[in-house]
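Input: a single structure, listed below in structure tokens.
The values are calculated or read from the model by the stated rules, or taken from the named source; none is laboratory data. Here the structure is a predicted model, which is why all the values come from computation and not from measurement. For neighbour counting, all protein chains shown are included, and Cβ atoms are generated from backbone atoms with ideal geometry for every residue, glycine included. Heads up: the accessible areas ignore ligands, DNA and RNA and are worked out on the full protein's heavy atoms, side chains in. Shrake-Rupley method; radii C 1.70, N 1.55, O 1.52, S 1.80 Å.
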Amino acid sequence: VDAEHEPELYWALRGGKGNVGVVTSLTFDLVPTPQVYGGAIFFPGEHAPRLLAAYRDWVRTVPEAMCSALVLLRLPPLPDIPEPLRGQFVVHLCIAYAGSAEDGARLLAPLRDAAPAIMDTVAEMDYADIDRVFDDPDHPVPAKEGCTLLGELTDDAVAALLEQAGPGVQC
């Protein structure tokens, strides 16, 4: 470590004062979560404006036990991608709910009603299968990704997202 190699660490080692911490051990408790209600729902991309508006309203009403992400995907026409999604622009909703399947289905109903699904894999699953929520391939694939964590999904944010990555945009 020196001023040219790892400059932030070099700064910290030289006396970063109260802005630096060094973790030497970590203790944490696990929370038993044998089952979750989760998975992915893929919607046709042309419904992105309606789905983003529905998602904006929905996330304000669900409990903290409902984790979700909404992704706009332009999928290539590759054989590894399920046939109904291959080469399509889709809206990918990912959820994981640490509660009963009945409550999860009830909470998810407004988004399921917002647009017709191409594929819906949401179901009760063992927590050990949580990687199925994103429905990612199990082997390396080329990808380009960009994301932002928002504190609130405002109308302006929805409009900006659609302008940059919505239906009809060539990325």
Can you sort Glu6, Glu145 by 1.4 Å-probe accessible area, starting with the largest? Glu145, Glu6
Under 5 Å between amide hydrogens, which residues at least 5 positions from Gly99 or on another chain qualify, with H placed 1.01 Å from N in the peptide plane? Tyr37
Label-reachable residues, region 39-56, where backbone N falls under 17 Å from a point 7 Å from Thr121's Cα toward its Cβ: 39-44
Quickly work out the Glu8-to-Ala143 label distance, labels modelled 7 Å from Cα along the C-beta direction, and quote it in nm with one decimal. 2.3 nm
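Rounded, prolate or oblate: which fits region 128-171 when a ≥ b ≥ c are the square roots of the eigenvalues of the alpha-carbon gyration tensor, with rounded for a/c under 1.5 and prolate only if a/b beats b/c?
Numbers: a/c = 3.05, a/b = 1.59, b/c = 1.91.
It comes out oblate by the Cα gyration axes.
With the full set of protein chains in place, find how many percent of the accessible area of region 93-171 is carbon and sulfur; take the probe as 1.4 Å.
Values: 2900 of 5480 Å².
C and S fraction of accessible area: 53 percent.
Could you compute the longest span of the chain free of trypsin sites (Lys or Arg not before Pro) located in DSSP loops and having at most 14 other Cβ atoms within 10 Å, not counting the site residues? Each step should come with its number before you reach the end.
Working: sites that count: Arg14, Arg60, Arg86, Lys144.
The segment 87-143 is the longest one with no such site.
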Give the calculated FRET efficiency between Glu163 and Ile130 to the nearest 0.05, with a Förster radius of 35 Å applied to their Cβ-Cβ distance. 0.60
Kindly report the accessible area of region 1-90 per residue (heavy atoms of protein chains, probe 1.4 Å, no ligands, DNA or RNA), in Å². 69 Å²
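Below 8 Å, C-alpha to C-alpha, sequence gap of six or more: please give me the relative contact order for the chain in percent.
On the way: 218 pairs, mean separation 54.2, N = 171.
Answer for the chain is 32 percent.
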